[in-house]
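The values are calculated or read from the model by the stated rules, or taken from the named source; none is laboratory data. No experiment lies behind these values; they were computed from the predicted model shown. We place every Cβ from the backbone using ideal geometry, glycine too, and count neighbours over all the protein chains shown.
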Amino acid sequence: MLFPLNARPSLAYNTGGRRYGANRSNGTRKHAGCDLIAPIGTPIRAVDNGTVQAFYFFYHDTYALEIDHGEFTVRYGEVNRRLPPGIRVGASVLRGQHVANVGRLSGGSHMLHFEMYDNSATGPLTNRRNPPFQRRSDLIDPTPYLDAARIDGGDQAAAVLPQFITPWSFARMCFPPP
């Protein structure tokens, strides 16, 4: 699987409120994906070959793009409403193809909300009557897939989006603790 951004975000997607399973709505539901923090407009890539299944309003002025990648389906959430040329329902996409851009939530934050499904169920991905995630029954934790994903098809994704390197994190990279 290819990492959906051209570099890993410096803010981890597997901790805090960005992680899969984090509490939402005062603990009444769980976070159904991983949030990959990135600048507004950052290109989002197809993680594998697939077919666009749906595109619709998602959350706070952002949209979601669903792509069936064969063995799994990905909901690329919180994307900009303007899709790249040729990306539409029914279109085939290739691994690494630019399929969307990171959107801007009405609250000002920006990220790719990344959900995965193993295609053992059918129907809409959101199911409010299926606690605790309120998603289709074949929802899977994307964390291990993102951890193992490649940036360029070669080495594991190790690069970090440079916009998010803080002075503290830069110092830790240059001067790691003993």
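Determine the pairs where a residue that is among the β-branched types (Val, Ile, Thr), located within the stretch 73-86, has a partner that is in a loop (DSSP other than H, G, I, E, B) and crowded, with 23+ Cβ neighbours inside 10 Å with Cβ atoms under 7 Å apart, the partner being 6 or more residues away or on another chain.
Val74/Val47; Val79/Gly103
Looking at the stretch 20-35 only, could you name the residues that are of a type in the set (Gly, Ala, Ser) and more than 12 Å from the chain's Cα centre (by Cα)?
Gly21, Ala22, Ser25, Gly27
Looking at the stretch 94-107, is at least one residue more than 19 Å from Phe3 (Cβ to Cβ) and at pLDDT 95 or above?
No, the stretch 94-107 contains no residue that is more than 19 Å from Phe3 (Cβ to Cβ) and at pLDDT 95 or above.
Can you pull out every residue in the stretch 20-34 that is in a loop (DSSP other than H, G, I, E, B) and under 18 Å from Val79 (Cα atoms)?
Answer for the stretch 20-34, where residues must be in a loop (DSSP other than H, G, I, E, B) and under 18 Å from Val79 (Cα atoms): His31, Ala32, Gly33.
I need every pair where a residue in the stretch 88-101 that is in contact (Cβ under 8 Å) with a residue 12 or more places away in the chain has its Cβ under 6 Å from the Cβ of a residue that is surrounded by 18 or more Cβ atoms within 10 Å (Cβ to Cβ) and of a type in the set (S, T, N, Q), sequence separation at least 6 or different chains.
Between residues of the stretch 88-101 that are in contact (Cβ under 8 Å) with a residue 12 or more places away in the chain and residues that are surrounded by 18 or more Cβ atoms within 10 Å (Cβ to Cβ) and of a type in the set (S, T, N, Q), the close pairs are Asn101/Asn80.
Given the condition surrounded by fewer than 16 Cβ atoms within 10 Å (Cβ to Cβ) and either closer than 18 Å to Leu5 by Cβ or touching a strand residue (DSSP E or B) at 6+ places or on another chain (Cβ under 7 Å) (or both), answer yes or no: does some residue in the stretch 28-38 qualify?
Within the stretch 28-38, none of the residues are surrounded by fewer than 16 Cβ atoms within 10 Å (Cβ to Cβ) and either closer than 18 Å to Leu5 by Cβ or touching a strand residue (DSSP E or B) at 6+ places or on another chain (Cβ under 7 Å) (or both).
Restricting the stretch 100-135 to residues that are hydrophobic (A, V, I, L, M, F, W, C) and touching a Gly at 6+ places or on another chain (Cβ under 9 Å), which is surrounded by the fewest Cβ atoms within 10 Å (Cβ to Cβ)?
Residue satisfying both the conditions and the ranking: Phe133.
So, of the residues in the stretch 84-139 that are under 19 Å from His31 (Cβ atoms) and among the charged types (D, E, K, R), which turns out to be nearest to the chain's Cα centre (by Cα)?
Per the criteria, the residue is Glu115.
What do you reckon, is Val47 surrounded by 14 or more Cβ atoms within 10 Å (Cβ to Cβ), in contact with a His (Cβ under 7 Å, 6 or more places away or on another chain) and within 17 Å of Glu115 (Cα to Cα)?
Yes: the conditions hold for Val47.
Identify all residues within the stretch 1-19 that are part of a helix (DSSP H, G or I) and among the charged types (D, E, K, R); write none if there are none.
The one that is part of a helix (DSSP H, G or I) and among the charged types (D, E, K, R): Arg18.
Residue under question is Thr42, and the condition is that it be more than 26 Å from Pro132 (Cβ to Cβ) and crowded, with 20+ Cβ neighbours inside 10 Å; does it hold?
yes
Residue by residue through the stretch 46-84, note down the ones that are under 24 Å from Ala7 (Cβ atoms), assigned to a loop (DSSP other than H, G, I, E, B), modelled with pLDDT of 95 or more and of a type outside the set (D, E, K, R).
Of everything in the stretch 46-84, those that are under 24 Å from Ala7 (Cβ atoms), assigned to a loop (DSSP other than H, G, I, E, B), modelled with pLDDT of 95 or more and of a type outside the set (D, E, K, R) turn out to be Ala46, Val47, Asn49, His69, Phe72, Leu83, Pro84.
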